[in-house]
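The values are calculated or read from the model by the stated rules, or taken from the named source; none is laboratory data. Since the model is a prediction, treat every value here as computed from it, not as a measurement. Please note: Cβ atoms are built from the backbone with ideal geometry, for glycine as well, and neighbour counts cover all protein chains shown.
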There are 2 protein chains.
Amino acid sequence: MRVTITGGGGFLGQRVARRLAQAGHLGGRPITGLTLFDIAAPPAPAASFPVASIAGDVADLPPAVIPPGTDVVFHLAAVVSAAAEADYELGRRVNLRGTDAVVDACRRLGRAPRLVFTSSVASFSAGPGEVVGTATRQVPANSYGAQKAAAELILADATRRGFLDAVVLRLPTVSIRPGRPNQAASSFVSSILREPLNGEEAELPVPDDFRLWIASPAHATDWLLHAAVLDTAAMGLDRSVNPPGLTVSVGEMLVALEAARPGAAALVRRVAAPRIEAIVATWPARFDPARALALGFAPHGTLEALIGEFVAETRRKNRAGGAIVQHGAIGEI
Amino acid sequence: MRVTITGGGGFLGQRVARRLAQAGHLGGRPITGLTLFDIAAPPAPAASFPVASIAGDVADLPPAVIPPGTDVVFHLAAVVSAAAEADYELGRRVNLRGTDAVVDACRRLGRAPRLVFTSSVASFSAGPGEVVGTATRQVPANSYGAQKAAAELILADATRRGFLDAVVLRLPTVSIRPGRPNQAASSFVSSILREPLNGEEAELPVPDDFRLWIASPAHATDWLLHAAVLDTAAMGLDRSVNPPGLTVSVGEMLVALEAARPGAAALVRRVAAPRIEAIVATWPARFDPARALALGFAPHGTLEALIGEFVAETRRKNRAGGAIVQHGAIGEI
């Protein structure tokens, strides 16, 4: 089985690559080759199969990225929220032209590969009060979400035509991401847990009763791997899935934080940031997971388990003395 | 006021152009220039203002098509259902790249022009039983519908960013179109009225209880003109409108046909055409018109009035001895 990951240098791309390298197989079939593609040549994990690392522009996709015989493509390359908002052409080029280029490359294979694509909670604008279901219309409030929703339509159509076999995951905000706070509107969703767990202060720009839809890095990676192997026969025309993310309030996050490290919640400082609040207030927080569960996506664990996962991973990394590889920003909307 | 019509040589483009030429003004402001653009240079109506006619490729839009000072763009250029299904690249190039090119041209104007865009009932796949409302998700069953739905997302985002001020009309099947039966799946929707009204036989590929969502050419043109001048302040992020089309069964169409021309209904022959029925069965027939009516779109007249409109127009044309100009196929999905 041959696998390609676009955006292979990114946070989730690297996680998927490492999981594939560790397992050596996918869906019960041995992996015979892995190609990682990103703007800069991505780090290649040690694996029992050949791993190619290619640098380039996804909108001008080098043919070697999706070579003949490719069975699965994880198309994770994207320009995320803040960047797509700051640079319209760049977002359009990577998020739409890049997707078209991947469609064309899959079509040239002559047999439809599985195509796993990451869309986002940011493609909705229902707000924290509404429950998003399978039938909910996407009315994005940002260019990133609009481009992702348009790409979903293009991939569903390409699937119907037999060019590829798409499964689109609309990812929740991934938390706890490793790294440092940044300019992403969703940065605080990781930061209010990560920094206090490390004994540092963090800024909170929304009220305690603000609700979010989140997923841990491990769950997001599990879902991507499941999307690569699930039976799509029952999906019909609709190739997009709202996975079974975790709906939490900021207050619940702070309680779980305090339980994990007593005194940590006091390190979270409330700040006024109307600009950030206005953006995140358009993201829905409640999703009906029925379709995702029926398609075999594993339910998310508890908030406590999510924090435990981060703490254990941090300890492993500290023991190994390794720095956290931090390239892209999938899941950081 | 300067106006541009892409797809200006098409059926609806020509109708809009003639209406503008006759009125001399739009929304109470005098028209100072009209530019018609299509693959072949469109016929220019006689008008009291200059009319330019330009030929070219919408995806490689000549700058003169949307010149500085443009106030309103009717973006009607499209590759319709059968053609977009037969040629994926052509559909993507015209329906998506063409829309991007129009967005870029509007953006370069430096002030947001009104952009009237035609989407379609074919962007839905709810089928004749479901009532389509403002919140209904578009899950297209054809490439034309997928490209139109994606273009809607791109235009809503371009509006939010201030590049233009879009109003998208999801047009019903336009009936009665002039001309002859053709290979479009929707051809029978005009043909079963038009041919018998002219004393000729027509083929009916669906059962009598089959329901359709239709609009007369005059109503569709009225709606396009209203979309050019309505106050968009109340539209918010959602720039798409399901206009108040007419829901009719084939049986009702045949009764109205017989009333208009006794004996005419007997000229309609039932034929088995499972391929056509499979396509049109994915198009919903019932729409909630509340939002369109609130935005000032005029309700549709009766089926009898729709037939009367065609009969009167045919008589006028026959008296004038003029052939029917028949270029594009907007509204013929």
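Things worth noting here:
- Residues located in the range B:112-156, provided they are of a type in the set (Asp, Glu) and within 16 Å of the chain's Cα centre (by Cα): B:Glu152
- Residue in the range A:179-188 that is within 25 Å of A:Ser125 (Cα to Cα) and at pLDDT 95 or above present: yes
- Residue in the range B:157-167 that is more than 30 Å from A:Glu85 (Cβ to Cβ), of a type outside the set (Gly, Ala, Ser) and not in a helix (DSSP H, G or I) present: no
- Condition check for B:Thr99 on (1) hydroxyl-bearing (Ser, Thr, Tyr); (2) at pLDDT below 95; (3) touching a His at 6+ places or on another chain (Cβ under 9 Å): one failure, at (2).
- Strands (runs of 3 or more DSSP E) wholly inside the range B:1-86 that include at least 3 residues being out of contact with any Asp or Glu (no Cβ under 6 Å at 6 or more places or on another chain) and without any contact (Cβ under 8 Å) to a residue 60 or more places away in the chain: B:33-38, B:51-55
- B:Val16 vs. criteria closer than 18 Å to B:Thr118 by Cα and surrounded by 19 or more Cβ atoms within 10 Å (Cβ to Cβ): yes
- Test: residue in the range B:48-57 that is more than 14 Å from every other protein chain (Cβ to nearest Cβ), touching a Phe, Trp or Tyr at 6+ places or on another chain (Cβ under 7 Å), surrounded by 15 or more Cβ atoms within 10 Å (Cβ to Cβ) and at pLDDT 95 or above: yes
- Candidates are the residues of the range B:120-129 that are in contact with a Leu (Cβ under 9 Å, 6 or more places away or on another chain) and surrounded by fewer than 24 Cβ atoms within 10 Å (Cβ to Cβ); the one that is nearest to the other protein chains (Cβ to nearest Cβ) is B:Ser125.
- Number of the exception - A:Thr159 against (1) under 20 Å from the mean Cα position of the chain (by Cα); (2) of a type in the set (Val, Ile, Thr); (3) closer than 29 Å to A:Gly24 by Cα: (1)
- Search result, residues across the range B:227-262 that are farther than 19 Å from B:Gly127 by Cα, in contact with a helix residue (DSSP H, G or I) (Cβ under 9 Å, 6 or more places away or on another chain), of a type in the set (D, E, K, R) and more than 14 Å from chain A (Cβ to nearest Cβ): B:Glu258, B:Arg261
- Candidates in the range A:152-165 are the residues that are surrounded by 23 or more Cβ atoms within 10 Å (Cβ to Cβ) and among the charged types (D, E, K, R); of these, the one that is nearest to A:Gly7 (Cα to Cα) is A:Glu152.
- Selection status of B:Pro196, surrounded by fewer than 24 Cβ atoms within 10 Å (Cβ to Cβ) and either in contact (Cβ under 8 Å) with a residue 12 or more places away in the chain or closer than 30 Å to A:Gly91 by Cα (or both): yes
- Considering residues of the range B:174-227 that are among the charged types (D, E, K, R) and in contact with an Asp or Glu (Cβ under 7 Å, 6 or more places away or on another chain) only, the residue farthest from B:Ala266 (Cα to Cα): B:Arg177
- Any pair with Cβ under 6 angstrom, 6 or more apart, that starts in the range A:95-115 at a residue that is more than 11 Å from A:Asp60 (Cα to Cα) and ends at one that is assigned to a helix (DSSP H, G or I): A:Asn95/A:Gln147; A:Leu96/A:Gln147; A:Val103/A:Ala158; A:Pro113/A:Cys106
- Selection of first residues in the range B:284-305 that are among the hydroxyl-bearing types (Ser, Thr, Tyr) and of second residues that are crowded, with 17+ Cβ neighbours inside 10 Å, restricted to Cβ pairs under 8 Å at least 6 apart or on distinct chains, gives the following pairs, ordered by first then second residue: B:Thr302/B:Leu246.
- The residues of the range A:205-222 that are of a type in the set (Ser, Thr, Tyr) and over 19 Å from A:Val167 (Cβ atoms) amount to a single one, A:Ser216.
- Identity of the residue in the range B:130-151, charged (D, E, K, R) and farther than 21 Å from B:Glu89 by Cβ, that ends up surrounded by the fewest Cβ atoms within 10 Å (Cβ to Cβ): B:Glu130
- Residue within the range A:92-102 that is assigned to a helix (DSSP H, G or I), more than 11 Å from chain B (Cβ to nearest Cβ) and among the small types (Gly, Ala, Ser) present: yes
- Just one of the numbered conditions (1) buried (at least 16 other Cβ atoms within 10 Å of the Cβ); (2) within 17 Å of B:Leu169 (Cβ to Cβ); (3) not β-branched (Val, Ile, Thr) is not true of B:Ala294: (1).
- Test: B:Ser119 is closer than 17 Å to A:Ala150 by Cα and outside any helix (DSSP H, G or I): yes
- Scanning the range B:156-169 for residues that are within 13 Å of A:Val139 (Cβ to Cβ) and at the interface with another protein chain (Cβ under 8 Å from one of its Cβ atoms) turns up B:Ala156, B:Asp157, B:Arg160.
- Helices (runs of 4 or more DSSP H) completely within the range A:211-314 that count 1 or more residues being of a type outside the set (Phe, Trp, Tyr), modelled with pLDDT of 95 or more and assigned by TED's automatic domain parsing to the domain that holds A:Thr70: A:217-227
- Subset of the range B:130-155 [touching a residue at least 24 places away in the same chain (Cβ under 8 Å), more than 17 Å from B:Ala285 (Cα to Cα) and at the interface with another protein chain (Cβ under 7 Å from one of its Cβ atoms)]: B:Ser143, B:Ala149, B:Ala150, B:Ile154
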